Amino acid sequence: MALVGILGKPYVDLAPFVDQAALAALDLEVCLGLARVSTFVTGGSHKSMGIVPAHLADDPYVDYGQAIAAMSRDEFILFASLSDTPHLLDPDERADYTFGEERDFPLSRRQARYLEFRYGVYFPWSTYLELMPGGTWDEAALPEGKAFTRDALVYFPRTVALVRALPLASIGSVKVLGLSANQHGTVHRDRDPAAGRAPDTFVMLSPMSCARGGRGKRLFLWDDEEQTERVVESSAYWFNDADYHGVLPDPYFRYSLRVDGAFTPELREELGLPR
């Protein structure tokens, strides 16, 4: 499928609406903060979720949904013993369970590490931190009941201040998404464009590329019809996450921040969106 894009463009450059000096100044705080707090992993189940392009459905990167589904009873018992709620998992009912993000049973840290070590599962985003937990994907832009975590306020105060200064009428989710050296972000889409809903509104921020002369996370949009990739070249941007997208590998750690929320009326007018 061809890129859907936004406003007739592959992505929207939001750098003119973000203080670039303040954004660059966050790089040290984010790196130091990530070293101080506990982080998790994300991704790893895009194939079992059915959100990858057809030509990548059989690539060699192991998907944890598929790995769990293929476990024998004894293997599942061992896997379940590493859960934060092992008493809720009956090996004879395992076909009815789903695991991971927005599923019946979130993976514990022990389970994620075991899946990686024993089954070779690939978790693309090896560093994942929610500064403001967003709930389910459909709730990510909604502000009700949301707040910055204690770690965010203690270790990422400048980041919190910049996020609050963005042209957003409300904020529903803030997360840091990092990849280890040489890891790539698997190509996927977060929604089905056939559903016809308006694109999710969010701001992607790259303090790293702003601070290090463009040397940052290289997110690209995949045109499945043309079989081409379009690398985003901006330190602050918005794209249609119903388009396939991924991250190119680089020989160093990379990260970005995703801030979901509602655009202010002024930003909507500036971008040519209906108010």
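Those residues that are part of a helix (DSSP H, G or I) and either among the aliphatic types (A, V, I, L, M) or under 19 Å from S206 (Cβ atoms) (or both), I need them from segment 254-272; list them, please.
L267, L271
With (1) aliphatic (A, V, I, L, M); (2) over 21 Å from L26 (Cβ atoms); (3) within 13 Å of the chain's Cα centre (by Cα) as the list, and A198 as the residue in question, which single condition is left unmet?
Of the numbered conditions (1) aliphatic (A, V, I, L, M); (2) over 21 Å from L26 (Cβ atoms); (3) within 13 Å of the chain's Cα centre (by Cα), the odd one out for A198 is (3).
Would you be able to tell me the number of residues in segment 135-168 that are outside any helix (DSSP H, G or I) and surrounded by 13 or more Cβ atoms within 10 Å (Cβ to Cβ)?
Counting residues in segment 135-168 that are outside any helix (DSSP H, G or I) and surrounded by 13 or more Cβ atoms within 10 Å (Cβ to Cβ) gives 12.
Quick one: which residue in S126, S83, S72 is more than 30 Å from L26 (Cβ to Cβ), surrounded by 13 or more Cβ atoms within 10 Å (Cβ to Cβ) and hydroxyl-bearing (S, T, Y)?
Just one listed residue meets the conditions, S83.
So, D138, is that one closer than 28 Å to H184 by Cβ and at pLDDT below 95 or not?
Yes.
Determine which single condition G120 fails, assuming it passes every other condition in (1) of a type outside the set (D, E, K, R); (2) surrounded by fewer than 16 Cβ atoms within 10 Å (Cβ to Cβ); (3) over 30 Å from L26 (Cβ atoms); (4) without any contact (Cβ under 8 Å) to a residue 24 or more places away in the chain.
So the condition that G120 fails would be (4).
What pairs come up if the first residue lies in segment 126-141 and is farther than 11 Å from G172 by Cα, the second is β-branched (V, I, T) and outside any loop (DSSP other than H, G, I, E, B), and their beta carbons are under 6 Å apart, counting only those six or more places apart or on different chains?
Filtered contacts from segment 126-141: S126/V41; Y128/V41; Y128/T42; L129/V176.
Which of the residues spanning segment 142-160 are in contact (Cβ under 8 Å) with a residue 60 or more places away in the chain and under 15 Å from V259 (Cβ atoms)?
Answer for segment 142-160, where residues must be in contact (Cβ under 8 Å) with a residue 60 or more places away in the chain and under 15 Å from V259 (Cβ atoms): P143, F156, R158, T159.
Here are Y155, Y244: which of them is aromatic (F, W, Y) and more than 19 Å from the chain's Cα centre (by Cα)?
The match here is Y155.
Anything in segment 5-23 that is of a type outside the set (A, V, I, L, M, F, W, C) and not in a loop (DSSP other than H, G, I, E, B)? List them, or say none.
Within segment 5-23, K9, Y11, D13, P16, Q20 meet the criteria.
Does E144 meet the test of being assigned by TED's automatic domain parsing to the domain that holds V187, more than 20 Å from the chain's Cα centre (by Cα) and among the acidic types (D, E)?
Considered against the rule, which asks whether it is assigned by TED's automatic domain parsing to the domain that holds V187, more than 20 Å from the chain's Cα centre (by Cα) and among the acidic types (D, E), E144 comes out as yes.
The values are calculated or read from the model by the stated rules, or taken from the named source; none is laboratory data. No experiment lies behind these values; they were computed from the predicted model shown. Here the Cβ is made from the backbone with ideal geometry for all residues, glycine too, and neighbour counts use every protein chain on show.
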